[in-house]
1. Give the residue, chosen from GLY439, GLY427, that is touching a strand residue (DSSP E or B) at 6+ places or on another chain (Cβ under 7 Å) and either over 25 Å from ASP499 (Cα atoms) or at pLDDT below 85 (or both).
2. Which residue is farthest from the ligand (Cβ to nearest atom), if the candidates are limited to the stretch 775-796 and must be within 25 Å of SER830 (Cα to Cα) and surrounded by 22 or more Cβ atoms within 10 Å (Cβ to Cβ)?
3. State the number of residues belonging to the stretch 840-864 that are away from the ligand (no atom under 15 Å from the Cβ), crowded, with 17+ Cβ neighbours inside 10 Å and among the acidic types (Asp, Glu).
4. Out of everything in the stretch 731-747 that is surrounded by fewer than 20 Cβ atoms within 10 Å (Cβ to Cβ) and within 12 Å of the ligand (Cβ to nearest atom), what residue ends up being nearest to ARG798 (Cα to Cα)?
5. With (1) modelled with pLDDT under 95; (2) crowded, with 16+ Cβ neighbours inside 10 Å; (3) closer than 20 Å to GLU826 by Cα as the list, and LEU751 as the residue in question, which single condition is left unmet?
6. When only residues in the stretch 477-510 that are part of a helix (DSSP H, G or I) and of a type in the set (Gly, Ala, Ser) count, which is farthest from LEU412 (Cα to Cα)?
7. Looking at THR276, THR284, which one is modelled with pLDDT of 85 or more, of a type in the set (S, T, N, Q) and not in a strand (DSSP E or B)?
8. Check the stretch 131-138 and report whether any residue there is more than 29 Å from ILE76 (Cβ to Cβ) and exposed (fewer than 13 other Cβ atoms within 10 Å of the Cβ).
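The values are calculated or read from the model by the stated rules, or taken from the named source; none is laboratory data. This one's a predicted model, so the numbers in the text were calculated from it and none came from an experiment. Every residue, glycine as well, gets a Cβ built from its backbone with ideal geometry; the counts of neighbours run over all protein chains shown.
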Amino acid sequence: MTFSPLLRVMRIIPALPRSLVGRVFTVFSLTLLLSMGTGLGLFYRYQFLQHIEETQDTALTLVEVATQTIEDSVVIGDYDTVKRTLGKMLFQSPFKRAEFIDVGGGTIRVDAPRVTRALAPRWLTARIAAKLYDVNRIANVGGKDYGVVRLQFDEEKLAAQVWSLVLETAGVAFVVFVASLVLMRTLVRRWLDNLGRLRSFEHDVAAGRVTAEAALLADAPTEIQEAIRAVNRSAASLRDQFGQRIDSLMNSLMQHKSAMDQAAIVCEADAAGAITGVNDLFVTSSGFTRPDVVGQRLADVGRPAGARLPWQPSDRVWNGEVVIAGRHGRRHWYRTIVPMFAAPGTVERYICIDIDITERKEFERTIVENAQRQTLIAELGRKALAANGLDDLFADAADAAARGLGAACAALFETGPDGMRVRAGAGRLAQSTGLQLAGPHGDAHVAAHGTDAALRPWFAPLAALHGIDTGIDTAIVCGERTFGLLGVYAARPRRFGADDANFLHGVANIVATAVERQEARNRLTYLAQYDPLTSLPNRRRLAHSLEDAIAAAARAQGRAAVMFIDLDRFKNVNDMLGHGIGDQLLVQAAKRLSACARADDVVARLGGDEFALVLPALDDDGIAAGIGARVIEALAQPFYLAGQQLFVSASVGIATYPENGRDAETLLKNADTAMYGAKNGGRNNYQFYVAEMHENATQRLQTETQLRQALERGEFLLHYQPKLDLATGTISGFEALLRWNHPQRGLVPPLEFIAILEDTGLILPVGEWVIGEVCRQLKAWQAQGMAVRPVAINLSARQLQQADLAGAVERIVARAGVDPALLEFELTESMLMANPEAAVEILARIKALGMRLSVDDFGTGYSSLAYLKRFPLDALKIDRTFVRDLPDDPDDAAITKAVIRLAHSLSLKVVAEGVENVDQLRELEQYGCDQIQGYYVSRPVPAQACEALLAGTAMA
Ligand SMILES: Nc1nc2c(ncn2[C@@H]2O[C@H](COP(=O)(O)O[C@H]3[C@@H](O)[C@H](n4cnc5c(=O)[nH]c(N)nc54)O[C@@H]3COP(=O)(O)O)[C@@H](O)[C@H]2O)c(=O)[nH]1
């Protein structure tokens, strides 16, 4: 409540004018008005009261003075004087009536003349009337009252006077008020005009005159001066700050622009879309010069091939991929066109930012292309796996190659002796399949080609015919050889890249694999029927040929024959000279066999050293016998292999249809049996099958089976044949000779089973048993106190090839605890010379163990003197075939003497084998032979007999 007036005033404030001048003016006016009103009011009140008081006082004085005159007059009754006096009292007085009322009630009344005057407000008149009271004075003379003098105020006159004063002062006050307002308004406006200059400062700033300062009048009020200075200071400070910010922004902008210029391809276009400028990257990336593009429509520079850029000047940002066919070729750009607005809705220009995405597009294209190519390769691979022949696959490969490289055509060429043959074509070359092109001839020419895009000279005619401009090709390499070429060709100039070449290689590899597989399949088919070494039909094909021959003979009621041919001692060749030489021998033998056959005969290799010859339409056995003889003859001729002369013979068995069998299997089995008959008959001969042979063959099989059990059953034993030292006449040693104590057959000589042991490989465990048994016997003899002599052990070719023979010997001897010097090993010269380097090494190891070594059957094979020197030998054993006819045969004598000399010259002892009589002994003694061995000294005897032999060694 207390503040309600104040609140009311506050409420007025929003109603004040909005301008400062208006407000100041209003407030000042109101204040002045209030002040003047208050002042005037107080003034009026004072004047009013003072005027009333003065009027009252004046009236009292006047009545006093006049009353005296009246008293004097009344006393004398001079009422005229009284009246005049009363009239005088009204002259220029504030009274309107003067009266003298005598004690009798008579009244002398005088009224002031009525004057027309301005009327005062009634309230003023009433108020004055309320304040003034009539003046009454008793006229008393000498103590006697004569009457009362009464003056009656003229309140209207007094009100008019006061009102006149009010009006005058109010008029003056109004003039002062107005003048004050005018003055005040002028001054305020002048002072505030300084603030008005802030607007022009604002305009200056808005107009970009950032250095402008707000102007100031000299007489501007201090506050305004301060305010404007503050504004100028703020502006300067802001200018500084903004300047720095702007510098920094400009810097940043410049850096961004520079970065953008380096990273992005930028061009500007006007509002109509015409290019107004491009950055350096635009030029370098597109290859266009600025004059090329400035002025061009943005929509025309960079567009999808053959299409217009789908952009028109617009107030929207546009994004999209474009293709620039610039001077650097086609480039892919990702384009963003940003409109720049001069005013809302008004595009001033366009900024076009391009990012070169050519590499990404290339990468994407490559990925898609590679995926498509992988699909093509996978599809071709599947077809290749499922393909039965090559022609369809070649066509598919050419098609895949052309499609994969997106080329006009492709062709697959096979290189041959006559040049290049189009095996398959795709596209324009589809019709060229089967065409023969001259050159290149042979693999080397094809392989020399790379994958460059140049067209081969031999391809030129085809290229000209089909309008081919360029191409890429790759060799189809199957293992070691080049099958041909796969080429892809384009009608227009084109660069084929590494990816293209890789894809083409992939296709070519599938083709090569398919060719290899097909060839392998062919080979398998071939191998199923032919022997790869000799190219002869194999056992299976022979069976068919034989069946055909039997069927033909049956139809013709004729005869047919099959010949089973086995090379004698081929195993030795193989074992001693190695499989390479063995193979060469087989190839030569096959050729010789083929040469022996008639036109319709079929020569086949059954395996190993076994061959067969089918003789269809056999008129009589004589023909078969003749062919058999030719075969024997042909194979008995020396073979020249690896600079050596080799001799093998053949054992041939012949079985005839229908006598020896009515089916192929039986016939072949019986021919095989006949062949064994020939072998048993001394080899190097042919034999027709006879029923008894079957029993022999069965016997051999049985022997083989029994031999496999003989070792376990302890059926082997050793006999010992002594060697006699001719110089001392004492036994210098023994040779251990294997015997088989067969449960039914008794002692079986080695010639009947050694070959089977070798054929079956049983010689290895049996050979080790022999060494162990000799050791055991030596220990037994030593245990008996016998003066033991060295014992020679025969080694077979298979044993010499045994891995770590020396190690096995060392282990056995060490286990037995025998002095190695008591052991000697005999090896034939053909065994040693089969692989002399290996032999040198093995012999050296055995020799290093402390054992003796000798060459058995010397003279029956051949020896290289150089190797003889290198072998760590102790003795040579002259084969008994040279001893047998001594001393009568001069050749044998010469050979024997030569061998003895040779041995001695190599510091070797000489042992003559097969000495059966004293003449031979004497002769050999004369030749200087060191030792002899033979029945003349002793047959091979059981171990128990050796002691007796030692006891009686003295020879006659
Ligand atoms: N790998 C092995 N081969 C062995 C082993 N034991 C023997 N053999 C080889 O068997 C072949 C035949 O031996 P064998 O029937 O015992 O005949 C030997 C002698 O009995 C025989 N000989 C000895 N003196 C005479 C004689 O005066 N006249 C004559 N007609 N024959 C005689 O010679 C055979 C020993 O000859 P060689 O070995 O060349 O010294 C034979 O080739 C043995 O090598 C064995 O354990 N392993």
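1. Working: GLY427 fails: either over 25 Å from ASP499 (Cα atoms) or at pLDDT below 85 (or both).
After ruling out the rest, the residue left standing is GLY439.
2. Taking the stretch 775-796 first, the residues within 25 Å of SER830 (Cα to Cα) are 790-796.
From the residues that got through so far, the ones that are surrounded by 22 or more Cβ atoms within 10 Å (Cβ to Cβ) too are 791-793, 795.
Numbers: VAL791: 11, ALA792: 8, ILE793: 7, LEU795: 6 Å.
Per the criteria, the residue is VAL791.
3. Total meeting the criteria: 0.
4. Per the stated criteria, the residue is LEU737.
5. Looking at each condition in turn, LEU751 falls short on (2).
6. Narrowing the stretch 477-510 to residues part of a helix (DSSP H, G or I): 498-510.
Pick out the ones that are also of a type in the set (Gly, Ala, Ser) and you get 498, 501, 506, 508.
On the way: ALA498: 20, ALA501: 15, GLY506: 14, ALA508: 9 Å.
Result: ALA498.
7. Values: THR276 fails: not in a strand (DSSP E or B).
That would be THR284, the only listed residue that is modelled with pLDDT of 85 or more, of a type in the set (S, T, N, Q) and not in a strand (DSSP E or B).
8. Going through the stretch 131-138, the residues more than 29 Å from ILE76 (Cβ to Cβ) turn out to be 131-133.
This time we only want the ones that are exposed (fewer than 13 other Cβ atoms within 10 Å of the Cβ), so: 133.
Yes; the residues of the stretch 131-138 include at least one that is more than 29 Å from ILE76 (Cβ to Cβ) and exposed (fewer than 13 other Cβ atoms within 10 Å of the Cβ).
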